[in-house]
Amino acid sequence: MKKIAIIVAGGSGQRMNSTIPKQFLLLQGKPVLYHTLAAFHKADPKTELLVVLPAEQFDYWKSIISELPEIPHRLVEGGESRFQSSKNAIEALEGEGIVAIHDGVRPIIEPELISASFQEAATKGNAVLAVASKDSVRFYSTEKAGFEHLNRESIRLIQTPQIFTLKDLKTAFKQDYSTDFTDDARVVESIGVKINLVEGSYRNIKITTPEDLDLAEVLLT
């Protein structure tokens, strides 16, 4: 079945203390987003790649990758929310296929993990990367007006890519937006699809702060 990857990159540089959106910051001399795109291309060059960006960033993106090795991809205009950005990309797709939706600022995703996750999704209908929590976890109980302990063995931290059939995504994203939709898996789960968690990687960090960028530099060494 055809493989597709939607790379969503609509973030700003606010928490990076940068005027440059974080997906465009340089990591070992190349934009963060380019590393992400390259990982999916390396996993399988036949994968159709879509990059979701604000329309006003299209020309800037093209200019900063103009001298880098070409990775074929299509640009899709993002929306005001992550939900709308994913929806715009899904609506741009036709036919059948298995679709990975991935954060553009997770550039250290291993190509081997991408391939294994696509295979898992092909077998079980979907695959969502997750890792166990290394830390103790507490949640706030409004009933008890305090924080209560959770068993960390029962907690999983969700990552991307999150991979689904295009059919399920088309159905799920026909819904109106809800604040309950914290990620794409939650959107699909809301139509009754059981989510299949697969082992992610602690290297698969999301770059949000300057410290994350420093760590990514080390991990890519």
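The values are calculated or read from the model by the stated rules, or taken from the named source; none is laboratory data. Remember, predicted model here, so these are calculated numbers, not experimental data. Quick reminder, even Gly has a Cβ in these numbers, built from the backbone with ideal geometry, and neighbours come from all protein chains shown.
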The range 166-203, residues that are out of contact with any Ser or Thr (no Cβ under 8 Å at 6 or more places or on another chain), polar (S, T, N, Q) and in a loop (DSSP other than H, G, I, E, B): Thr179, Thr182, Asn196, Ser201
Verdict on Ala122 being at pLDDT 90 or above and in contact with a Gly (Cβ under 7 Å, 6 or more places away or on another chain): no
From the options Ile90, Ile109, residue that is more than 18 Å from Phe181 (Cβ to Cβ), of a type in the set (Val, Ile, Thr) and at pLDDT 95 or above: Ile109
Conditions (1) under 18 Å from Asp103 (Cα atoms); (2) out of contact with any Lys or Arg (no Cβ under 9 Å at 6 or more places or on another chain); (3) free of Cβ contacts under 8 Å to residues at least 60 places away in the same chain; (4) acidic (Asp, Glu): number failed by Glu199: (3)
First in the range 73-89 and touching a residue at least 12 places away in the same chain (Cβ under 8 Å), second anywhere and in a helix (DSSP H, G or I) and among the aliphatic types (A, V, I, L, M), Cβ under 7 Å, 6 or more apart: His73/Leu37; Val76/Ala89; Glu77/Ala55; Phe83/Val187
Positions within the range 168-184 being in contact with a helix residue (DSSP H, G or I) (Cβ under 7 Å, 6 or more places away or on another chain), farther than 16 Å from Glu96 by Cβ and among the charged types (D, E, K, R), in sequence order: Asp180, Asp184
3 or more residues among the charged types (D, E, K, R) and either touching a Pro at 6+ places or on another chain (Cβ under 8 Å) or over 19 Å from Val198 (Cβ atoms) (or both): qualifying helices (runs of 4 or more DSSP H) within the range 48-153: 82-91
First in the range 117-129 and within 12 Å of Thr165 (Cβ to Cβ), second anywhere and in a helix (DSSP H, G or I) and among the polar types (S, T, N, Q), Cβ under 9 Å, 6 or more apart: Ala127/Ser117; Ala127/Gln119
Residue list for the range 47-71, filter: more than 20 Å from Asp103 (Cβ to Cβ) and either in contact with a strand residue (DSSP E or B) (Cβ under 7 Å, 6 or more places away or on another chain) or of a type in the set (S, T, N, Q) (or both): Ser63, Ser66, Leu68
Residue in the range 32-46 that is assigned to a loop (DSSP other than H, G, I, E, B) and among the polar types (S, T, N, Q) present: no
Any pair with Cβ under 6 angstrom, 6 or more apart, that starts in the range 31-52 at a residue that is closer than 22 Å to Ser63 by Cβ and at pLDDT 95 or above and ends at one that is part of a strand (DSSP E or B) and charged (D, E, K, R): Leu50/Arg74
Single residue of Asp183, Asp135, Asp176 found to be charged (D, E, K, R), buried (at least 18 other Cβ atoms within 10 Å of the Cβ) and either in contact (Cβ under 8 Å) with a residue 60 or more places away in the chain or on the phi < 0 side of the Ramachandran plot (or both): Asp183
Scope the range 204-221; condition out of contact with any Ser or Thr (no Cβ under 9 Å at 6 or more places or on another chain) and closer than 18 Å to Ala100 by Cα; matching residues: Ile205
